[in-house]
Amino acid sequence: MNREISIRSERPDDGPAITNAVRRAYANVAYSDHREHLMIERLRKLEDYDPRLSLLAEIDNEMVGHILLTQAEIRDTRSSVATLALAPLSVVPGHQSCGVGKRLVGEAHRRAADLGFVSVLLVGIPSYYPQFGYEPLSRYPITLPFEVPAENCMILSLTPHALDGVSGLVHYTDGWLEH
Ligand SMILES: CC(C)(COP(=O)(O)OP(=O)(O)OC[C@H]1O[C@@H](n2cnc3c(N)ncnc32)[C@H](O)[C@@H]1OP(=O)(O)O)[C@@H](O)C(=O)NCCC(=O)NCCS
């Protein structure tokens, strides 16, 4: 039976439940460093953390998934363009492959566009994100500040032509990268 998935923004007391869901989602993922929840905890302490872009998925009031979009900038010598970084995306075991991730990504994109953002970039599973319209980042003169296989780097325009003429290095918000 398909049970209804509801999506809502993070509330002030959701921190422990998010940490728990993220840890469970990545517990058996081979390529994970199992530190995704620590990144969220670091980011939550920052002034520019926007809980409107931290979304929880619930089924029958049980938290089954989470997605976070964080502000970033694509900078070159002449300009700085706002974007969003998607990470992490987490669906707890037992609820995977039931449409939860799909709902979270779709809703995150909708809310990001409503807030005026025009693009989202990520480092993730190459076979998962193209269904949402993500393209290889290598199609654009945009680079990340760390070494990662090109196939894992993707970007999405939320509005037509959002990436026309955009180039430079991605600057993540403080706390996104571990120091
Ligand atoms: C990867 C993950 C986010 C996908 O979310 P999900 O809720 O399990 O998957 P969905 O139900 O949204 O899947 C939507 C579609 O993508 C496919 N899909 C699911 N996981 C996939 C994967 N790892 N690779 C490729 N396709 C995948 C599904 O089969 C489904 O296809 P369909 O629409 O043709 O039926 C989730 O399984 C998860 O949290 N995994 C552990 C943590 C992780 O790897 N996070 C992502 C890091 S980039």
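Here are the numbers for this structure:
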| read-out | value |
| --- | --- |
| The chain, accessible area per residue, ligands and nucleic acids excluded (1.4 Å, Å²) | 54 Å² |
| In nm, spacing of pseudo-spin labels at ASN2 and SER32 (7 Å Cα→C-beta vector) | 2.7 nm |
| Dipole magnitude of the range 50-179 about its Cα centre (Cβ charges: Lys, Arg +1; Asp, Glu -1), debye to nearest 20 | 280 debye |
| Virtual spin-label span in nm between LEU144 and GLN131, 7 Å along Cα→Cβ | 2.1 nm |
| Rg and Dmax of the range 5-172, Cα atoms only, in Å | 15.5, 50 |
| Alpha carbon centroid spacing (whole Å) that separates the range 107-179 from the range 14-81 | 15 Å |
| D_trans [Stokes-Einstein, Kirkwood Rh over alpha-carbon pairs] for the range 34-76, 20 °C, 1.002 mPa s, µm² s⁻¹ | 178 µm²/s |
| Apportionment of accessible area to carbon and sulfur, the range 1-130, percent (1.4 Å) | 49 percent |
| For the chain, the longest site-free run once GluC sites (Glu not before Pro) in DSSP loop states with at most 10 other Cβ atoms within 10 Å are removed | 48-146 |
| Range in the chain, longest, excluding exposed chymotrypsin sites (Phe, Trp or Tyr not before Pro) [loop by DSSP; at most 15 other beta-carbon atoms within 10 Å] | 32-127 |
| Trypsin sites (Lys or Arg not before Pro) restricted to DSSP loop in the range 1-75 with at most 15 other C-beta within 10 Å | ARG3, ARG35, LYS45 |
| In degrees, nearest ten, helix 15-26 long axis to first principal axis of the chain (Cα) | 80 degrees |
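The values are calculated or read from the model by the stated rules, or taken from the named source; none is laboratory data. Remember, predicted model here, so these are calculated numbers, not experimental data. All Cβ positions, even for glycine, are placed from backbone atoms using ideal geometry, and neighbour counts span all protein chains on display. Only protein heavy atoms, including side chains, enter the accessible area calculation; ligands, DNA and RNA are left aside. Shrake-Rupley method; radii C 1.70, N 1.55, O 1.52, S 1.80 Å.
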